[in-house]
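Student: Pasting in a structure now, in structure tokens, and then I'll have a few things to ask.
The values are calculated or read from the model by the stated rules, or taken from the named source; none is laboratory data. What you see is a predicted model; the values in this text were computed from it and never measured. All Cβ positions, even for glycine, are placed from backbone atoms using ideal geometry, and neighbour counts span all protein chains on display.
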Amino acid sequence: MTHLPKSHYALNLNNSPFQPPFFLLTGIPGFEAAHIWIAIPLCIMYTIALLGNCIILFIIKTTSSLHEPQYIFLSILATTDIGLSICTLPTVLNVFLFNHREIEFHSCLAQMYFIHTFSFMESAILLAMAFDRFVAIRNPLHYTTIITHPRIVGIVLVAVLRGATLMVPLPILLKRLPFCKNILSHGYCYHPDIMKLACGPIRFNIIYGLVLVLSSFGVDSMLIIVSYVLILKAVLNIASSEGRLKALNTCISHIVTVVIFYVPLIILALIHRFGTFTSPLFHVTMANLFLFLTPVLNPLVYSFKTKQIRFAIQKVFMKRIF
């Protein structure tokens, strides 16, 4: 496919602000010639993310001993990771494999909506998993009576509705803006990145975006920290050192998952806020880490660190082989 040079698009957009028919996605600046080779590890990461999370779902569904709240929350987390991977896979691989950089304006807004919605859902599920660990350690005898299946369904519905509802205004706010540029910084559509291309007033977009971040990621992360303070307090009340170690060990996988989700997210948010102080390569690297780190590592972390998941996977594959 033959593409017009960037200058052609920039010239048209600079002459008169309007809603562009499409945006141009970006791979890794300065490494355009190597994009086809970069696509190989990207394909491997997408395969690990999709296959790994599907295996987690299959193992939990087919193993009756894993039909407990802890693993039900894990299956929901795996579902959000699959959703996040699927909604970005077409554009990212198009950029790196085929140098197809255009994405239609409304398709871009739709992709942005789903990326942020799945991210909000994942944050809420991580909070629910922290609460689940607190109840399991603090009240082990009443665990199944407190974390019941109806309550799990209610938590999931709240997580889905919160993400889906809070995100609705963002595409609407962006559609009302005129745009002077159409070259995005990533291989996918991300709200702060799209917003910066507008030449109209974006103050309300900035304020609403900040409210979204504080009311979702901000509140969730603070409550996760509070949960772990309470967990630590409960662990210290356990008499035996072996019991304390066993209790803490049940939280390791979740702690690692929280770190690999929030650290790239915070760094990417800071880059978009203070982007002039970072190199384009670092910018793109952190954007891709945000995209790939949790879907790729979550199934690996839980497969290696959670004994019940690891044994169930071994049992299923040994049965298939023999």
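Student: Could you please give the count of residues in segment 100-141 that are assigned to a strand (DSSP E or B) and under 22 Å from Ala49 (Cβ atoms)?
Tutor: First, the residues of segment 100-141 that are assigned to a strand (DSSP E or B): 102-104.
Those left that are additionally under 22 Å from Ala49 (Cβ atoms): 103.
Residues flagged as assigned to a strand (DSSP E or B) and under 22 Å from Ala49 (Cβ atoms) within segment 100-141 amount to 1.
Student: Test of understanding: among Ala34, Ala78, Ala49, which residue is over 23 Å from the mean Cα position of the chain (by Cα) and part of a helix (DSSP H, G or I)? Explain how you work it out, then say what you get.
Tutor: Details: Ala78 fails: over 23 Å from the mean Cα position of the chain (by Cα); Ala49 fails: over 23 Å from the mean Cα position of the chain (by Cα).
Going through Ala34, Ala78, Ala49 in turn, the sole match is Ala34.
Student: Here are Asp220, Asp193: which of them is among the acidic types (Asp, Glu) and modelled with pLDDT of 90 or more? Before you say what the answer is, go through the steps one by one.
Tutor: Values: Asp193 fails: modelled with pLDDT of 90 or more.
Step by step, each of Asp220, Asp193 is checked, and only Asp220 is among the acidic types (Asp, Glu) and modelled with pLDDT of 90 or more.
Student: Continuing with the same structure: Pick from His283, His272, His254: which is under 26 Å from Leu66 (Cα atoms), under 25 Å from the mean Cα position of the chain (by Cα) and surrounded by 12 or more Cβ atoms within 10 Å (Cβ to Cβ)?
Tutor: Values: His283 fails: under 26 Å from Leu66 (Cα atoms); His272 fails: under 26 Å from Leu66 (Cα atoms).
Answer to the selection: His254.
Student: Please work out which residue is modelled with the highest pLDDT, limiting yourself to segment 7-28 and to residues that are part of a helix (DSSP H, G or I) and surrounded by 15 or more Cβ atoms within 10 Å (Cβ to Cβ). Explain how you work it out, then say what you get.
Tutor: Within segment 7-28, the subset part of a helix (DSSP H, G or I) is 7-15.
Next cut, surrounded by 15 or more Cβ atoms within 10 Å (Cβ to Cβ) only: 9-10, 13.
On the way: Tyr9: 46, Ala10: 47, Leu13: 50.
Filtering first and then ranking leaves Leu13.
Student: Given the options Leu166, Leu157, Leu161, name the one that is part of a helix (DSSP H, G or I), crowded, with 17+ Cβ neighbours inside 10 Å and under 23 Å from the mean Cα position of the chain (by Cα). Working first, answer last.
Tutor: Working: Leu157 fails: crowded, with 17+ Cβ neighbours inside 10 Å; Leu161 fails: crowded, with 17+ Cβ neighbours inside 10 Å.
Answer to the selection: Leu166.
Student: Could you please let me know if Pro178 is modelled with pLDDT under 95, surrounded by fewer than 17 Cβ atoms within 10 Å (Cβ to Cβ) and touching a strand residue (DSSP E or B) at 6+ places or on another chain (Cβ under 7 Å)?
Tutor: Details: modelled with pLDDT under 95: yes; surrounded by fewer than 17 Cβ atoms within 10 Å (Cβ to Cβ): yes; touching a strand residue (DSSP E or B) at 6+ places or on another chain (Cβ under 7 Å): yes.
In short, yes.
Student: Looking at segment 125-148, is at least one residue crowded, with 21+ Cβ neighbours inside 10 Å and farther than 30 Å from Ser240 by Cα?
Tutor: Yes, because at least one residue in segment 125-148 is crowded, with 21+ Cβ neighbours inside 10 Å and farther than 30 Å from Ser240 by Cα.
Student: Could you please let me know if Leu166 is out of contact with any Cys (no Cβ under 8 Å at 6 or more places or on another chain), among the aliphatic types (A, V, I, L, M) and closer than 29 Å to Asp193 by Cβ? Explain how you work it out, then say what you get.
Tutor: Working: out of contact with any Cys (no Cβ under 8 Å at 6 or more places or on another chain): yes; among the aliphatic types (A, V, I, L, M): yes; closer than 29 Å to Asp193 by Cβ: yes.
So Leu166 passes the test.
Student: Just one of the numbered conditions (1) over 28 Å from Leu291 (Cβ atoms); (2) of a type outside the set (S, T, N, Q); (3) out of contact with any strand residue (DSSP E or B) (no Cβ under 9 Å at 6 or more places or on another chain); (4) surrounded by fewer than 16 Cβ atoms within 10 Å (Cβ to Cβ) is not true of Arg244; which one?
Tutor: Against the list (1) over 28 Å from Leu291 (Cβ atoms); (2) of a type outside the set (S, T, N, Q); (3) out of contact with any strand residue (DSSP E or B) (no Cβ under 9 Å at 6 or more places or on another chain); (4) surrounded by fewer than 16 Cβ atoms within 10 Å (Cβ to Cβ), Arg244 comes up short only on (4).
Student: In segment 61-75, which residue that is crowded, with 21+ Cβ neighbours inside 10 Å and either under 16 Å from the mean Cα position of the chain (by Cα) or without any contact (Cβ under 8 Å) to a residue 60 or more places away in the chain (or both) is nearest to Ile146 (Cα to Cα)?
Tutor: Looking at the filtered set, the residue picked out is Phe73.
Student: Continuing with the same structure: Among the residues of segment 83-99, is any in contact with a His (Cβ under 8 Å, 6 or more places away or on another chain) and not in a helix (DSSP H, G or I)?
Tutor: Among the residues of segment 83-99, at least one is in contact with a His (Cβ under 8 Å, 6 or more places away or on another chain) and not in a helix (DSSP H, G or I), which makes the answer yes.
Student: Hey, does segment 137-149 have a residue that's within 21 Å of the chain's Cα centre (by Cα) and of a type in the set (S, T, N, Q)? Step through it out loud before you land on a result.
Tutor: First, pick out the residues of segment 137-149 that are within 21 Å of the chain's Cα centre (by Cα): none.
Looking through segment 137-149, none of the residues is within 21 Å of the chain's Cα centre (by Cα) and of a type in the set (S, T, N, Q).
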